[in-house]
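To start, the structure itself, in structure tokens.
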Amino acid sequence: MNPVDQVLQGSFPSVMVPTREPVVPMSAPGERLLIASNGVFIEIDRPWIRLVRRLGSFSWRTPVPYGKAADATEVRCGAVPAELVAGFARMARAALPNEVGAWITWNASTGAFRLLPLPSLSHRPVHLQYERPELQAGEWLVVDCHSHGRGRAYFSPTDDRDDQHDVKLALVLGHCHQVPSVALRLCVKGRFEVQSAVPERWKAALATLAAEVV
Ligand SMILES: [Zn+2]
């Protein structure tokens, strides 16, 4: 095999799903294809999350005698602290009328979350551009936060482009001059899974901001 394809196969392997035992877990963060009797799945491994999603099924059923796979979502970092979400909401209010961005990261070595403000390259209210921050060893992006100023929280076509390649939660806060509106989705390599149920603890933390409204 061509050396380039050998490297590609090493970094993004295709794996048969066995019929009599579970597929061997991934040994390092990355992605791989699982070939199963019920379709082709992508498996994504990060220290904070493991995801399996079906990419496609076969046109007819009989010819693939492998085991079955199933979609899976395994969050390993625990719950994202509500006070960090509230902390971002305060940043968003302080930045009005401009948009602002921040990352909530999780350190796999220490288990600690932190809120990391993103230096803005363009300080226009319309759209936010920023540089990706440098993370510490073992630190991973979990929630990519940005605000829509006084506008509503939703995912714009620009957000779709920005979120195309990452594995993360994307959080938008709108109506940042009052109790913020929230849009939340899980981004899985170009697939967007909108989370209609925002965590109750986040909602409660955001609601306390009402008392701080000036
Ligand atoms: Zn946006």
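The values are calculated or read from the model by the stated rules, or taken from the named source; none is laboratory data. These numbers were taken from a predicted model, which means no experiment stands behind them. Glycine gets a Cβ as well: all are built from the backbone with ideal geometry, and neighbour counts include every protein chain shown.
Please go through segment 154-176 and give me each residue that is closer than 21 Å to R132 by Cβ, touching a Lys or Arg at 6+ places or on another chain (Cβ under 7 Å) and within 12 Å of the ligand (Cβ to nearest atom), ordered by number.
Scanning segment 154-176 gives F155, A170.
Any chance segment 143-151 includes a residue that's at pLDDT 95 or above and away from the ligand (no atom under 12 Å from the Cβ)?
yes
Which of the residues spanning segment 103-119 are free of Cβ contacts under 8 Å to residues at least 60 places away in the same chain and either in contact with a Ser or Thr (Cβ under 9 Å, 6 or more places away or on another chain) or surrounded by fewer than 18 Cβ atoms within 10 Å (Cβ to Cβ) (or both)?
Scanning segment 103-119 gives S109, T110, G111, A112, F113, R114, L115, L116, P117, P119.
When K203 is evaluated against the numbered criteria (1) under 14 Å from the mean Cα position of the chain (by Cα); (2) under 30 Å from T110 (Cβ atoms), which criterion, by number, is the only one it fails?
(1)
Scan segment 177-190 and give yes if some residue there is away from the ligand (no atom under 13 Å from the Cβ) and small (G, A, S), otherwise no.
Yes, segment 177-190 has at least one match.
In segment 186-200, what residues are under 21 Å from R90 (Cα atoms) and either over 22 Å from the mean Cα position of the chain (by Cα) or surrounded by 15 or more Cβ atoms within 10 Å (Cβ to Cβ) (or both)?
Scanning segment 186-200 gives V198, P199.
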